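Step one of this worksheet: look at the structure below.
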Amino acid sequence: MEGRYAIVRDVPDTYPEEIDVELAKKQHRMYCETLTNLGLKVIKIPADERYPDCCFVEDTAIVVGNKAIISNMGAPSRAGEEKKVKELLAKYKKIFEITPPATIDGGDVLKIDKNIYIALSERTNEFAIQQMKNFLSKDSYKIIPVKIKGILHLKSVCNRIGNDYVLLAKGYFDDEIFSGYKKIVTPKEETYAANCLSINKKVLIAEGYPHTKKLIEREGFDVIEMNVSEFKKGDGG
């Protein structure tokens, strides 16, 4: 993914008890520094202690071209997180909003060129897919529903890493939908490595997955390993 800007949100002190909050904050700072070093301008939204999951800012909005589609997230406890993100994006993008009964998390939306893959999951439903189609009907995008199982979000197990490649873990969806792309498949014991991020020709993966790292590097990509242990505990990346 070629990019110029990154929106992030600080880790709140109310992040769940089983997580080392201070370590999570340190890991988040390192993540932000890495984004800056990769040439992105990092735009930071302060944490909101009312929302323990607010650092997972990706779920709050889907940006497609000049449009920002604000999520109605699938977990009721997260309702309201999106407000500050909406305020920020409204300065740069035309705003659209997913409304009930539709629910959607940004982590279920994977854009690859003119294809937009949207998971049907615990957090994202068919009503949201229809609203997405309506919002993007004049933009030549193809909306492709993806049934997933055994995982929270589509991008927990599948992401584009550039040059027509996708990195994925098998067993969570029918990966034949990506038959037009070159697939790098993580070993079963390294599923979490598929929860990655590609920025300006670099691939960021969680540290501790050496086989996946080698597979990615074998295809000519540079890999940056990140310590995200506390975010893994929170089903994030």
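Where a number appears in this text, it was derived from the coordinates with a stated rule and is not lab data. Since we're looking at a predicted model, the values are computed, not measured. No Cβ is skipped: glycine too gets one built from the backbone with ideal geometry, and neighbour counts run over all protein chains shown.
A few remarks follow.
- Ranked list, fewest to most other Cβ atoms within 10 Å of each Cβ, for 174, 20: 174, 20
- With Rh defined as the Kirkwood radius, the inverse of the mean 1/r over Cα pairs, the Rg/Rh of the chain is 0.93.
- From least to most packed, judged by other beta carbons within 10 angstrom and beginning with the fewest, 50, 9 follow the order 50, 9.
- Legend: distances between Cα atoms for 26/147; 26/84; 67/188; 41/111; pairs beyond 32 Å are 26/147; 67/188.
- Residue order, fewest to most surrounding Cβ atoms within 10 angstrom, among 198, 137: 137, 198
- Legend: distances between Cα atoms for 86/155; 44/138; 83/138; pairs beyond 28 Å are 44/138.
- Lys/Arg +1, Asp/Glu -1 at C-beta; the chain dipole; positive extreme among 177, 36, 95: 95
- The aspartates and glutamates whose alpha-carbon is closer than 14 Å to the alpha-carbon of residue 213, local same-chain residues fewer than 8 away aside, are 189, 190, 222, 225.
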